Structure formats: structure tokens, C-alpha cells
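A.B. asks: First the structure, then my questions, so here it is.
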Ligand code: ADP
Ligand code: MG
């Protein structure tokens with residue numbers, strides 16, 4: 001029902017930045033190699049994402065806004081082996097409940113389409129672009145909820161969150177060219193050539209990128225790789241630790257603490273490291289189903305991973321001091 005949709009929307013798409021995250025994750029799931037994101041008025045007026053991914057089949061177009069309609073789960077047990085970012089089929093249903101959405105898409109062997117969706121109603125458009133991929137535009141965010149007022153008052157905070165989310169997406173997907181445009185002004189554009197170091201350079205500048213050191217390590221169940229930035233180029237808060245598991249941005253207090261501990265044995269305790277680490281593991285050992293935002297994760301064999309991460313970072317820091 002409409003009320004159910006609005007309640008669920010509160011969890012998955014509680015703010016403009018979480019809508020951006022869900023939409024861009026869909027483009028990544030669709031294996032896009034180029035993703036462009038256009039934000040108007042911190043997302044409140046419009047969020048438009050253009051990708052060159054697999055596209056949406058014509059026959060699926062009206063399922064997009066159905067709750068629990070996802071093309072990403074074959075069988076129930078796939079839930080324990082998730083490789084795509086989305087899997088609940090909830091995002092578009094929730095977004096469609098609190099905003100106006102236009103979807104334009106074409107998949108490889110199917111007809112292109114364009115439709116406008118608002119308050120449960122579809123309207124097919126006869127004008128569409130014939131190119132493989134998808135263009136989704138979300139406008140008038142939260143037009144039918146009290147949340148609208150709340151975000152209009154905090155546009156700057158919201159813009160900051162969108163930038164943060166987009167930067168993490170870029171860092172976790174160096175093989176995808178990601179472009180972010182705010183009110184016609186380009187914020188960044190990554191080349192999509194697979195180089196994490198180049199993404200770091202584009203997002204954090206020359207001084208940081210020339211002071212990064214590649215690190216890697218493995219244990220029976222985990223592999224860790226990425227870059228750490230030399231202790232002298234540290235930042236003053238713990239948000240600069242970028243962690244991902246199987247290319248998915250995650251937050252995990254204990255993992256961040258393990259990295260901070262490794263740094264703090266070597267330098268002043270009021271500064272935090274700038275670190276970019278991706279952990280690779282069997283998706284079976286990971287439970288991403290813990291929170292609707294899919295950011296908090298539970299880990300099996302946590303001890304093993306904490307030791308691996310701390311040792312990998314500590315070893316790299318010790319090597320630097322030689
Ligand atoms: P989920 O990602 O959990 O499957 P969503 O509500 O985010 O659910 O999206 C619903 C469905 O819409 C997806 O399963 C996918 O089939 C389709 N879809 C959405 N965005 C795109 C896109 N950019 N490219 C291709 N398919 C898409
Ligand atoms: Mg999704």
C-alpha cells in the first residue's frame with residue numbers, strides 16, 4: 001500500500017544522498033563502465049544518473065517500482081552469496097513513493113522505452129534515446145512527505161554527504177569512469193582505467209597521491225590490498241579510512257580501530273590515517289543483510305581479518321621507516 005511504501009522509504013531512502021547511493025549502485029550492478037551523476041540543488045530538485053550498463057528489458061519496465069521486484073536473485077539461497085550491490089528490490093519502489101521518477105532505458109535485445117512514474121501512476125513517453133544503458137532522473141524529492149522541509153534546511157550538509165558517497169563509489173570502482181556534476185559544475189571525473197592510485201590523485205590531490213604506498217597481504221580466508229598514505233600526510237578524523245569488502249563500501253568499527261592502532265604505535269595519537277583498503281573474501285562469510293543501508297556488515301572469522309589488516313598496515317609502516 002501507499003503507507004507501507006512511505007514507511008519503507010524511510011529506511012532505504014531516508015535522504016537525497018541515500019537515493020544517490022542506491023541509483024548509482026544499480027548502475028554498477030548493471031556493469032556500466034561510464035556513470036555520470038547530475039545533482040541539482042543538493043539533490044532536492046533533481047538527481048539524474050546516466051549509465052552505459054546492460055539496460056532494462058522492455059518487459060520489465062513496469063516491475064521497476066514493485067516492492068521486492070529484483071532481477072538480481074535467482075534463488076532464495078543466493079542471499080548468502082551476494083555479489084551484486086542491490087538485492088532486495090526495494091530502492092526504486094521506495095524512491096517512487098516519495099518522488100517523481102523518469103526512466104529511460106534500452107537493453108541489448110529489447111525495445112527502448114521511457115516512462116514517467118509518480119504516485120503509483122505510469123505514463124509512457126514516446127520519445128526516447130536509442131542507446132544501450134539507462135537514464136534515471138528523480139525529481140521533486142519527498143514532495144509528499146514532511147522530510148522535504150528538513151532537507152531543504154540542510155542543503156549544504158546533504159551536498160557534503162553526496163560528495164562523500166560518490167567519492168567512495170569512485171574509490172571502490174577504479175575501472176568505472178565516474179563523473180559528478182553539481183548544478184552544472186563538474187566536481188570530479190575519474191578515468192575508469194582501473195588505477196586506484198589515479199582515483200586517489202583526482203579526489204585527494206597531488207600531495208596525497210605522491211605519498212601513497214601500495215600494501216597487500218593475505219590469510220587463508222581473506223585478501224587485503226590497497227594504499228596507505230604516509231603518516232605525515234594524515235587527517236584529523238577517522239572518516240578518512242576507506243574500507244570495502246568485495247568492492248562494496250563498508251563501515252566496521254573494529255577494522256578501523258585495527259588500522260588506527262597500527263598507525264598510533266608510530267605517530268601522534270590525535271591524527272588519523274588516510275587509508276584505502278579493499279578486502280576480498282568468499283561472499284558466504286559475509287552478512288550484508290544486517291542493516292537496510294547495507295553498510296554495516298557482520299563478519300565470520302573476524303579475529304583472522306582484524307589481525308590480517310593490522311599486520312598488513314603495520315608492516316607497511318615499518319617498511320617506510322627503514
Ligand atoms: P535491486 O537493486 O535490489 O534489485 P532496485 O529497486 O534498486 O532493486 O532496482 C530494481 C530493478 O531495476 C533491478 O533489479 C534492476 O533489474 C532494475 N534496474 C534499476 N536500475 C537499473 C540500471 N541502471 N540498469 C539496469 N537495470 C536497472
Ligand atoms: Mg538497487
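Bear in mind these aren't lab numbers, they're just calculated from the coordinates by the rules spelled out. In this text, all values refer to a predicted model and were calculated from it rather than measured experimentally. Glycine gets a Cβ as well: all are built from the backbone with ideal geometry, and neighbour counts include every protein chain shown.
A.B. asks: Nearest 5 percent is fine: what portion of the DSSP beta bridges confined to segment 205-320 is antiparallel? Can you show the working numbers first?
C.D. replies: Working: 20 of 26 bridges.
Once the DSSP bridges in segment 205-320 are tallied, antiparallel ones form about 75 percent.
A.B. asks: How do 213, 181, 50 rank when sorted from fewest to most other Cβ atoms within 10 Å of their own Cβ? Numbers along the way, then the final one.
C.D. replies: On the way: 213 13, 181 16, 50 20.
By the 10 Å Cβ count, ascending: 213, 181, 50.
A.B. asks: On to the next question. If we count other beta carbons within 10 Å of each Cβ, what is the order of 249, 264, 121, fewest first? Walk me through the numbers on the way to the answer.
C.D. replies: Working: 249 21, 264 16, 121 7.
Lowest count first: 121, 264, 249.
A.B. asks: Here's another thing I want to ask about it. What ranking of 212, 312 emerges when the number of other C-beta atoms within 10 Å of each C-beta is taken as an exposure proxy, fewest first? Present the calculation step by step, with values, prior to reporting the outcome.
C.D. replies: Working: 212 21, 312 25.
Ordered by Cβ neighbours within 10 Å, fewest first: 212, 312.
A.B. asks: Can you grab the distance from the C-alpha centre of segment 148-172 to the C-alpha centre of segment 127-146, Å, no decimals?
C.D. replies: 18 Å
A.B. asks: If I model a spin label as a point 7 Å beyond the Cα along the Cα-Cβ vector, how far apart are those points for residue 300 and residue 198 in nm?
C.D. replies: 3.8 nm
A.B. asks: To continue, here is another question. In whole angstrom, note down how far apart the Cα centers of segment 301-322 and segment 180-203 are.
C.D. replies: 29 Å
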